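Worksheet: the structure to be examined is printed underneath.
The values are calculated or read from the model by the stated rules, or taken from the named source; none is laboratory data. Everything numeric here is computed off the predicted structure, so don't read it as measured data. Here the Cβ positions follow ideal geometry from the backbone for every residue, glycine too, while neighbour counts run over all protein chains shown.
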Amino acid sequence: MHRVDDTALADISLEEKREMLSADAERARALEEQHKADFEVAAGRHNVAVAEAELTQREAEVRKAQSQLDLASVRREKTELAAAEQQLDLAREGRRVAEAHLAWARERQALLEQNVAVARANHRWADARYELEKARLAARKGRVPDKDFAVRSFEEQADRTHRDVIDARLDATRHQEAAAKAERAFQEQELKYQGRVKSKH
């Protein structure tokens with residue numbers, strides 16, 4: 001990234017540095033958003049782990065119900081067999097709920113990770129805008145480091161990092177849609193399962 005040495009601008013008045021300081025404040029806000037996104041990813045990992053544990057438990061319930069059905073089949077007791085079949089069917093339904101929950105947790109995690117990518121891209125863009133404002137100020141004040149110094153290269157850098165933000169946000173939108181779809185699928189599966197549980201009692 002192209003940078004302007006802060007010391008070259010140190011003695012310029014605050015009034016003249018207003019745009020630069022505003023860009024620096026935006027850069028600090030972008031960094032704060034990046035830290036927040038990083039924290040949310042860590043929380044999302046926990047949610048995925050919980051959903052994985054839930055699926056493991058539901059799979060154990062399916063195996064247990066299958067064993068009970070196998071035992072009832074050997075005994076050939078019709079009421080016991082019917083109850084075991086119903087229990088296995090319910091356990092499988094519970095497993096489908098857990099699978100849907102895990103799918104949703106993973107989609108949500110992918111979204112959170114993409115939000116980190118957005119936050120990082122936004123921070124790079126804010127940093128590029130800050131450097132651009134410093135470059136403009138240096139050029140206005142005749143404080144350029146060498147004859148090859150060009151504000152245009154800073155403008156191009158800011159434009160490039162802005163395009164990166166736009167691309168990252170588009171990806172985040174796709175992840176948001178996938179997470180919303182997975183959430184709806186989970187909720188539908190959960191409602192169906194709860195209806196089965198209530199009808200059993």
In segment 55-68, is there at least one residue being under 30 Å from Lys141 (Cα atoms), of a type in the set (Val, Ile, Thr) and free of Cβ contacts under 8 Å to residues at least 24 places away in the same chain?
no
When you look at Asp127, is it among the acidic types (Asp, Glu), more than 30 Å from Gln87 (Cα to Cα) and either without any contact (Cβ under 8 Å) to a residue 24 or more places away in the chain or not in a helix (DSSP H, G or I) (or both), yes or no?
no
All but one of (1) without any contact (Cβ under 8 Å) to a residue 24 or more places away in the chain; (2) out of contact with any Leu (no Cβ under 7 Å at 6 or more places or on another chain); (3) crowded, with 17+ Cβ neighbours inside 10 Å; (4) aliphatic (A, V, I, L, M) hold for Ala117; state the number of the condition that does not hold.
(1)
Pairs please, first residue from segment 1-18 and closer than 21 Å to Thr161 by Cβ and modelled with pLDDT under 90, second anywhere and surrounded by 12 or more Cβ atoms within 10 Å (Cβ to Cβ) and among the aliphatic types (A, V, I, L, M), Cβ atoms under 6 Å, 6+ apart in sequence or on different chains.
none
Got a sec? Which of Val4, Val74 is among the β-branched types (Val, Ile, Thr), over 32 Å from the mean Cα position of the chain (by Cα) and under 30 Å from Arg136 (Cα atoms)?
Val4
Members of segment 67-99 that are touching a helix residue (DSSP H, G or I) at 6+ places or on another chain (Cβ under 6 Å) and among the polar types (S, T, N, Q)
Gln68, Gln87
Counting only residues that are among the aliphatic types (A, V, I, L, M) and exposed (fewer than 12 other Cβ atoms within 10 Å of the Cβ), segment 62-81 contains a total of 1
Restricting to segment 75-119, name every residue that is of a type in the set (A, V, I, L, M), at pLDDT 95 or above and over 25 Å from Gln34 (Cα atoms).
Leu88, Leu90, Ala91, Val97, Ala98, Ala100, Leu102, Ala103
Search segment 153-201 for residues being touching a residue at least 12 places away in the same chain (Cβ under 8 Å) and of a type in the set (Ser, Thr, Tyr), and hand back the single one that is surrounded by the most Cβ atoms within 10 Å (Cβ to Cβ).
Thr161
Can you find, within segment 131-149, the residue that is modelled with the highest pLDDT among those that are loosely packed, with under 15 Cβ neighbours inside 10 Å and part of a loop (DSSP other than H, G, I, E, B)?
Gly142
Considering only segment 83-94, I want to know if a residue exists there that is under 28 Å from the mean Cα position of the chain (by Cα) and either more than 30 Å from Asp11 (Cα to Cα) or touching a residue at least 12 places away in the same chain (Cβ under 8 Å) (or both).
yes
